[in-house]
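Participant: Once you've had a glance at the structure underneath, I'll fire off some questions.
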């Protein structure tokens, strides 16, 4: 992690919300806010920077004026000086936005993504940027989650030799380690929910189009979305309330203002009594420890009054095949549009340029794994095939997937374990994951997906997924909060050591 001195740079004004009324905080409020930030910076120094510590590599850069900002904003807006870490594929006016790649190490745009402007405008403090799987884990089919050329390998706070998952690895590890109040991650398919699950925190992938993607390094306009990563459902709901809303620069958000609401209202009293919940047993996989946790979670839900309905479902092969076609086509087009429009003198203006940069800098960028996914995307130029694949993948995941399962079984959400426990970090042969979870349905459909910690297997966290219908974000959060209160599993704290030590 690097400490930088802030430059005074202009923020982008277009599509940014009005600032919340700033009240003058009392001396006590200012002192408490500044002390909270100082404590968080101390955690970052101890766990991320100190060579005698675990060197989590979760945070890339921090703001030296964060404590002063927090004191100033301690009684402003909804966030009142709370700190937020931003995944380093989201633009902030004071920091470079690298997507983890050395090709973008000097990408200082001097502008805030609209979601960042909303955070600042509602009393939030941008504490810094988090590491991520380089290019949001789309460069290679055999990557090590949490590795980037800029930030190195992020480690899991629960076992530093195990994967933090990706691509929002730094955001997940940082919040698990207590480095900030909350973080923003981004997801195309699993990149919020997987690191949240494996790092033992709450992660929420909202309905695609509820939160702006403007000035976020893209993969896919069909599936990309930012979302909250926090220690509780209540904090995720608060953060979503702040960042949700329409943005004229992102056409996917045209309906956001019609659907956004205060997601915190009634959250503390939400109930599971009489709620019909679909249980996707096949998607729990075969790991006995995961299944024990899932059984315990179901018992907790039942004890709280929920009605559990078993669902027999198999993923259609065509959904995954078509999703790949969509992502590779949109990666080339969407990244090209983003790169070509960047201000400044960044030399990489297309996916082809990035591929060439990596080849020219193979010793630093390609030592551990290649860029076969980039190369495949560069060749994927068939728009007709893309359009057909997108229509079919969405149909299979949405109308004939989540929507059909909810209607057929008369349930309001679907549940399954989010992922298995974290595998070992393996830079030589890449990630190793168990076949667990139903998150791809929500990712491809663009529907909301919440993961809440449900316990641990041999000290490694596992989350419980709640998946709901399009624009059903409030209902999913309500049920997740109710489960959080009903949960009987004991959640251990991170050990910041290698597994078994």
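The values are calculated or read from the model by the stated rules, or taken from the named source; none is laboratory data. This one's a predicted model, so the numbers in the text were calculated from it and none came from an experiment. Note: ideal-geometry Cβ built from the backbone for every residue, glycine included; neighbour counts use all protein chains shown.
Participant: Out of 434, 441, 450, which single residue is touching a residue at least 12 places away in the same chain (Cβ under 8 Å), touching a strand residue (DSSP E or B) at 6+ places or on another chain (Cβ under 6 Å) and farther than 17 Å from residue 157 by Cβ?
Facilitator: 450
Participant: Of these, 140, 144, which one is part of a loop (DSSP other than H, G, I, E, B) and touching a helix residue (DSSP H, G or I) at 6+ places or on another chain (Cβ under 9 Å)?
Facilitator: Unique residue meeting the criteria: 140.
Participant: Here is a check on your reading of the model: is residue 123 assigned to a loop (DSSP other than H, G, I, E, B) and out of contact with any helix residue (DSSP H, G or I) (no Cβ under 7 Å at 6 or more places or on another chain)?
Facilitator: In short, yes.
Participant: Residues in the range 353-360: is at least one part of a loop (DSSP other than H, G, I, E, B) and free of Cβ contacts under 8 Å to residues at least 60 places away in the same chain?
Facilitator: No: zero hits.
Participant: Filter the range 248-290 for residues that are assigned to a helix (DSSP H, G or I) and either touching a strand residue (DSSP E or B) at 6+ places or on another chain (Cβ under 8 Å) or closer than 17 Å to residue 227 by Cβ (or both) and give the result.
Facilitator: Within the range 248-290, 252, 253, 256, 259, 267, 281, 283, 284, 289, 290 meet the criteria.
Participant: Would a scan of the range 47-56 turn up a residue that is modelled with pLDDT of 95 or more, surrounded by 22 or more Cβ atoms within 10 Å (Cβ to Cβ), in contact with a strand residue (DSSP E or B) (Cβ under 7 Å, 6 or more places away or on another chain) and closer than 28 Å to residue 213 by Cα?
Facilitator: No, the range 47-56 contains no residue that is modelled with pLDDT of 95 or more, surrounded by 22 or more Cβ atoms within 10 Å (Cβ to Cβ), in contact with a strand residue (DSSP E or B) (Cβ under 7 Å, 6 or more places away or on another chain) and closer than 28 Å to residue 213 by Cα.
Participant: Regarding residue 263, is this residue surrounded by 15 or more Cβ atoms within 10 Å (Cβ to Cβ), within 25 Å of the chain's Cα centre (by Cα) and touching a residue at least 24 places away in the same chain (Cβ under 8 Å)?
Facilitator: yes
Participant: Right, next: Determine whether residue 167 is assigned to a loop (DSSP other than H, G, I, E, B), over 27 Å from residue 257 (Cα atoms) and either at pLDDT 95 or above or more than 12 Å from the chain's Cα centre (by Cα) (or both).
Facilitator: Against the criterion (assigned to a loop (DSSP other than H, G, I, E, B), over 27 Å from residue 257 (Cα atoms) and either at pLDDT 95 or above or more than 12 Å from the chain's Cα centre (by Cα) (or both)), residue 167 qualifies.
Participant: Residue 336: surrounded by fewer than 18 Cβ atoms within 10 Å (Cβ to Cβ), under 30 Å from residue 220 (Cα atoms) and modelled with pLDDT of 95 or more, yes or no?
Facilitator: no
Participant: Restricting the first residue to the range 314-340 and requiring it to be farther than 19 Å from residue 401 by Cα, which pairs with a second residue that is modelled with pLDDT under 95 meet a Cβ separation below 9 Å and a spacing of at least six or different chains?
Facilitator: 339/346
One line per residue, one yes/no per condition, for (1) in contact (Cβ under 8 Å) with a residue 24 or more places away in the chain; (2) touching a strand residue (DSSP E or B) at 6+ places or on another chain (Cβ under 8 Å); (3) on the phi > 0 side of the Ramachandran plot:
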| residue | (1), (2), (3) |
| --- | --- |
| 190 | yes, no, yes |
| 195 | yes, yes, no |
| 200 | yes, yes, yes |
| 204 | yes, yes, no |
| 209 | yes, yes, yes |
| 241 | yes, no, no |
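Participant: Going through 379, 408, 395 one at a time, which residue ends up being more than 26 Å from residue 314 (Cβ to Cβ), surrounded by fewer than 22 Cβ atoms within 10 Å (Cβ to Cβ) and free of Cβ contacts under 8 Å to residues at least 40 places away in the same chain?
Facilitator: The match here is 379.
Participant: Still on this structure, please answer the following. Among the residues of the range 308-319, are any touching a helix residue (DSSP H, G or I) at 6+ places or on another chain (Cβ under 9 Å) and closer than 21 Å to residue 206 by Cα?
Facilitator: Yes, there is a match, as at least one residue in the range 308-319 is touching a helix residue (DSSP H, G or I) at 6+ places or on another chain (Cβ under 9 Å) and closer than 21 Å to residue 206 by Cα.
Participant: Looking only at residues that are touching a helix residue (DSSP H, G or I) at 6+ places or on another chain (Cβ under 7 Å) and surrounded by 14 or more Cβ atoms within 10 Å (Cβ to Cβ) in the range 354-372, which one is farthest from residue 320 (Cα to Cα)?
Facilitator: Here the residue is 361.
Participant: Output the residues belonging to the range 44-75 that are over 20 Å from residue 148 (Cβ atoms), in a helix (DSSP H, G or I) and out of contact with any helix residue (DSSP H, G or I) (no Cβ under 9 Å at 6 or more places or on another chain).
Facilitator: Result: 45, 46.
Participant: If I filter the range 119-135 for residues that are modelled with pLDDT of 95 or more and over 23 Å from residue 203 (Cβ atoms), do I get at least one hit?
Facilitator: Yes: the range 119-135 contains one or more residues that are modelled with pLDDT of 95 or more and over 23 Å from residue 203 (Cβ atoms).
Participant: Would a scan of the range 27-36 turn up a residue that is modelled with pLDDT of 95 or more, touching a helix residue (DSSP H, G or I) at 6+ places or on another chain (Cβ under 8 Å), part of a helix (DSSP H, G or I) and within 19 Å of residue 129 (Cβ to Cβ)?
Facilitator: no
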